[in-house]
Amino acid sequence: MTEALCEVRHVAQQFPQPRGPALRVLEDVSLAIHPGEVVALLGPSGCGKSTLLRILAGLATPTAGDVRYHDQPLRGINPGVGFVFQSFALFPWMTVLENLEAALRPLGAPAAELRARALRVISMVGLTGFEEAYPRELSGGMKQRVGIARALSLDPEMLFMDEPFGQVDALTAEGLRAQVLDIWSEAETNPSSIVMVSHDIQEVVNMADRIVVFGTKPGHIRTIVENTLPRPRDDRSSGFARLVDKIHDIITGSEMPDTPARPGPSFEPLPSASASDIVNLVEYLAARGGRDDVFQIASDTDREFGELIAVVNAAELLELVDTPHRMVVLAPLGRRFAEADEPERKALWRRQLLRLGLFRRVAEAIARQPSRRVDADLVLETIIMALPQERYEQTFETFVNWARYGDLFAYDETARTIAAQ
Amino acid sequence: MSQPATTVRRPPVWGRAAGFVERAPWIDAFIMLVIAGLVFGIAGLAREWTGVLRPTVEIDLSPAALPAYTFYSLARGLVAFLLSLGFTLGYGYWAAKDRRASRVLIPLLDVLQSIPVLGFMPGLVLALVALFPRSNIGLELASIALIFTGQVWNMTFSFYHSVRSVPADLAEAATMFRFSRWERLRRVELPFATIGLIWNSMMSMAGGWFFLMISEAFVLGDKDFRLPGLGSYMTVAVARGDVGAMIWAIAAMAAMIIVLDQMLWRPIVVWAQKFRVDESGQAAEMRSWFLDLLVRSHLVAWARARRRPHARRRPAPPRRPRPSSHARAARVSTLVFAGLIAVLGLGAWKLVRLLEPTTISDWLDLIGAGTATLARVLIATVIGTLWTVPVGLAIGLSPRLSRIVQPVVQVVASFPAPMLFPALIALMHVSGIPLGWGSIMLMLVGTQWYILFNVIAGATAIPADLREVSSVFRMRRWERVRALYLPAVFPYLVTGWITAAGGAWNASIVAEHVSFRGATWSTYGLGAAVSSAAADARFARLAASLVVMAVIVVVFNRVVWRRLHELAEHRYTLMR
């Protein structure tokens, strides 16, 4: 195999939290980027894929492990990388041309050459005529063209893109993807390789040669899928569909286990999904014969699959659905829930909540207090002690949301107390 | 998009339409006249500043002398402003970049902000006059430094907060493209801070004028210092009871403020619109007739055509990654920090020595006086709120009215209230109101505008959909006020209160201790204690009263204003 452009070896990343143990974002990740390939990092949000991209780019320093560029340890910013940001990150006080020149200026070339290079990339991405526009005058798609042009202006070996099409509409994204691939496929010129972060499976299968699928808690590489489909790729070909299917299976296999956590004596992590999303999922299934493919639901409801899987897992934890393989099936309790009226739904919901360790523990603590209320901090401490791997703020938010929907506890935000209803 | 661009015009600085505007020759004539006037004025200024030391200049009360005096004062204000800007960029940048230093720098700024101009006066005047014993420049510098102390602090706070809150993605992009420290400051941090800095600069200029009378004419024990300027003119006019001269001085001050607003601030504010970060529509298009005129000038076009390629021609040297630069910056920062701590330590020690003769009963007396002044400040704030909320709502809810009134209020707010005090004091004298209550009125004259200004701003910012809701549900007037207007305006009201209370504390030193027609009136209060101690050059008592004032102001800020501010941010913000 050819020499890697850059690579990470056994990289781990942790972020300190104000309380409790440090949050593990990445653990033991090794990955090499080779010349001439498109690599996609795929996974639900919070799996550390963006963090890995930033480590490879030199924007973040890992807590453990090596980062290498052309087999040398990487110090500071990776010199071979052009970076495209999800939020575009254009300087609003500079015109398109000035934005590009600002990125080029640190190279130290004479002004005329800077101008010439900037104009060249401007025509490369189809921004000719917009040189003097300010970013606020451009649509999202045009802004991201500037972002791509800015990254390409440095003539980088590798183009890094962090969810580059996340903030533009589907049609625009299609056009941008094709354009990026066109630029990349000019074999003799940079960028030689592309590394992109995405949560869109279709997009990843369309663009990447290798698809790195991430697992969560803590983030790790679950598997790497080789994509040998010939380019240009046809989204409707059977090979394309098979690969999409394969990735669906990999993701559901890890993120939606067939034998899920069931309510028991111990504490279960709460998937971060709001009560209203869970209820809406039940309604959605009830209206569609009680079963559907999870990725079908995601694409029908225009949700990121990671988010939807969290909703499904939450519904499953509350015994409202079952998840054989990739299907989401309404459980008997879910069916009753769908047919019930509001008061009955709340009663059902309350009963299910009290089968979960965290809710039961808090209910017991409240019952012991003569005032029938406890400090929110007590609940937070409980979460930190029992579920050190979770983001406790997020878990707490979910806890409050579910409890409020079921009319189980009330949360007073100003006094920071939880009280029985 | 399909047409290839053959040539690229240079990006215009003044706005995109600049290239197409017709040029007008009479504007050029006007600009040349202004430049000639400036050259003449600066020559006169240089003569005045480098002249032989004359501690007490004879002030000519004839109106014909006023233009020159106004020019001198304006020059002092602008020089002080440039100093403030320099200080702001240095201090604010350092505090924002060095976490350890900021732990001392920011609280220090809080304390400095709470000390009124008289607290700095003795030290600055004595030191600078001693430094230049034969030349006027020492006295001029002292006066400029006093104006500076009225301007600088909120600018520094604003810049510090801006640099700290540069959006993460822009900061990351700058890192990714290997911007040097200097480039990061110039292309990211300064542009991001510009709008906040400009609004605060406008307020700062007003803050500098507030004590113009004290900054140009001050008494230190048996020494009487007076510099030629508008403030001295007013002081002398008041001392002689010359009503005509007072009116002339007020008119000159008003003229100066309006000219500055129209010819300096408004064009800058309009120009700064390009530094907006939020993209939510074209929020109320801003115009400036003066800027439009400049754009139509041949001279300006010519100057810009010459300047810009020149600035661009210099190629930067190729940059190597310099791992040492960060370490060097950290070393410099540590060194300066150590110096600062040493100076602060020395200052604290000197202060303790100075305070030694102060007895317990002195302290108790000062604390009592501080409580009295605090009560006045709060009463002034309450009265200011009671009338400005309904009026501000009425103005702000009517787009037509607010378009006319808002700029006027802005100008009125920057007029230094102490210049109006003589008239009010005469009124109090006639109607027999004691100064204890009258000083509240004097504070109010200076500070109520900040509340009004903010209420108007808050009312204009109420979203149309919420106002429609209140109409659709046929809410009664009182119900609308309670459910919509008050909560929506609350965050702005808090900002107004904080500014107004700060101004009222500042005003207390001239409101509780007044001189009128040669006589001096004083009432029980901390402002009076500061003023009388400074006038009698009793430095121990001055220091003690300033310590009490700084403590009360800082503690009140932390305990009351900050909590209200957090409540406003948390509960009543319409931004989310």
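The table for this structure:
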{"quantity": "Among A:48, A:108, A:175: highest mean-square fluctuation, GNM of chain A, C-alpha pairs under 10 Å", "calculated": "A:108"}
{"quantity": "Whole-Å semi-axes of the range B:435-576's equivalent ellipsoid (Cα gyration tensor)", "calculated": "40, 17, 10"}
{"quantity": "Among A:188-201, A:394-407, B:505-518, B:340-353, the order from most to least packed when residues are scored by Cβ within 10 Å on average", "calculated": "B:505-518, A:188-201, A:394-407, B:340-353"}
{"quantity": "Alpha carbon centroid spacing (whole Å) that separates the range B:247-273 from the range A:35-63", "calculated": "53 Å"}
{"quantity": "Dimensionless Rg over Rh [the range A:240-391; C-alpha; Kirkwood]", "calculated": "1.02"}
{"quantity": "Inter-chain shielding of A:81-90 (mean C-beta neighbours from other protein chains, 10 Å cut-off)", "calculated": "4"}
{"quantity": "Whole-Hz couplings from phi, Karplus 6.51/-1.76/1.60, listed for the range A:129-139; x for Gly and Pro", "calculated": "x, 9, 3, 9, 6, 8, x, 5, 8, 9, 6"}
{"quantity": "Whole-angstrom Cα spans of chain A along principal axes, big to small", "calculated": "77, 47, 45"}
{"quantity": "Global form of the range B:322-395, assessed from the alpha-carbon gyration tensor, a/c cut-off 1.5", "calculated": "oblate"}
{"quantity": "Separation in nanometres of the label points that stand 7 Å from Cα toward Cβ, at residue A:415 and residue B:465", "calculated": "3.3 nm"}
{"quantity": "Within chain A: Cβ-based charge dipole about Cα centre, in debye rounded to nearest 20 (Lys, Arg +1; Asp, Glu -1)", "calculated": "960 debye"}
{"quantity": "q = 0.10, 0.21, 0.23 Å⁻¹: log10 I(q)/I(0) that the Debye formula gives for the range B:400-515, counting C-alpha atoms only", "calculated": "-0.42, -1.08, -1.18"}
{"quantity": "The range B:146-299: relative contact order in percent, alpha carbon pairs under 8 Å with at least 6 residues between", "calculated": "23 percent"}
{"quantity": "Options A:111, A:67, B:441, ranked by Cα towards positive dipole end of the protein assembly as shown, top entry (Cβ charges)", "calculated": "B:441"}
{"quantity": "Heavy atoms of residue A:384 accessible to a 1.4 Å probe, total area in Å² rounded to 10", "calculated": "20 Å²"}
{"quantity": "Separation of the residue B:536 and residue B:391 label points, Cα + 7 Å toward Cβ, nm", "calculated": "3.9 nm"}
{"quantity": "Global form of chain B, assessed from the alpha-carbon gyration tensor, a/c cut-off 1.5", "calculated": "rounded"}
{"quantity": "Debye intensity ratio in log₁₀ form over the Cα atoms of the range B:131-238, taken at each q of 0.18, 0.23 Å⁻¹", "calculated": "-0.87, -1.14"}
{"quantity": "Residue-averaged [θ]222 nm for chain B, counting only DSSP H segments that reach four residues, each worth -39500 (n - 2.57)", "calculated": "-24000 deg cm²/dmol"}
{"quantity": "Segment residue B:32-residue B:563, length gained on full extension (0.36 nm per residue, minus Cα span)", "calculated": "185.9 nm"}
{"quantity": "Descending semi-axes in whole angstrom, ellipsoid equivalent of the range B:209-263, from the Cα gyration tensor", "calculated": "23, 14, 7"}
{"quantity": "Overall form of the range A:271-316 per C-alpha gyration tensor (a/c, 1.5; a/b vs b/c)", "calculated": "oblate"}
{"quantity": "Exercise: per-residue mean of other protein chain Cβ atoms within 10 Å, A:103-113", "calculated": "5"}
{"quantity": "Selection from A:46, B:371, A:90, by position along the positive dipole direction of the protein assembly as shown (Cβ)", "calculated": "B:371"}
{"quantity": "Diffusion constant of the protein assembly as shown at 20 °C, which comes from Stokes-Einstein with the Kirkwood Cα-pair radius and 1.002 mPa s, µm²/s", "calculated": "64 µm²/s"}
{"quantity": "Highest-first arrangement of B:554-563, A:291-300, where packing means the average Cβ count within 10 Å", "calculated": "A:291-300, B:554-563"}
{"quantity": "Probe 1.4 Å, accessible area per residue of chain B, Å²", "calculated": "50 Å²"}
{"quantity": "Area hidden from solvent between A and B (accessible, protein heavy atoms only, 1.4 Å, total, Å²)", "calculated": "3800 Å²"}
{"quantity": "Extent along principal axes [Cα atoms of the range A:92-143; Å; largest to smallest]", "calculated": "31, 22, 14"}
{"quantity": "Summed residue charge, Cβ within 13 Å of residue A:197's Cβ, Lys/Arg positive, Asp/Glu negative", "calculated": "-3"}
{"quantity": "Residue B:49 - accessible surface, heavy atoms, 1.4 Å probe, Å² rounded to 10", "calculated": "40 Å²"}
{"quantity": "Pair residue B:329, residue A:385: separation of 7 Å Cα→Cβ label points (nm)", "calculated": "4.5 nm"}
{"quantity": "DSSP H segments from chain B that extend 30 Å or more along their own axis, Cα-based, with Kyte-Doolittle mean of -1.0 or above", "calculated": "B:25-50, B:66-97, B:137-164, B:323-355, B:360-396, B:435-460, B:486-511"}
{"quantity": "At R0 = 25 Å, FRET efficiency that the Cβ-Cβ distance of residue A:246 and residue A:304 yields, to 0.05", "calculated": "0.80"}
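The values are calculated or read from the model by the stated rules, or taken from the named source; none is laboratory data. Computed from a predicted structure; not experimentally measured. As a convention, Cβ positions derive from the backbone with ideal geometry for all residues, glycine included, and neighbour counts pool all protein chains shown. In case anyone asks, the SASA skips ligands and DNA or RNA and just uses the protein heavy atoms, side chains included. Shrake-Rupley method; radii C 1.70, N 1.55, O 1.52, S 1.80 Å.
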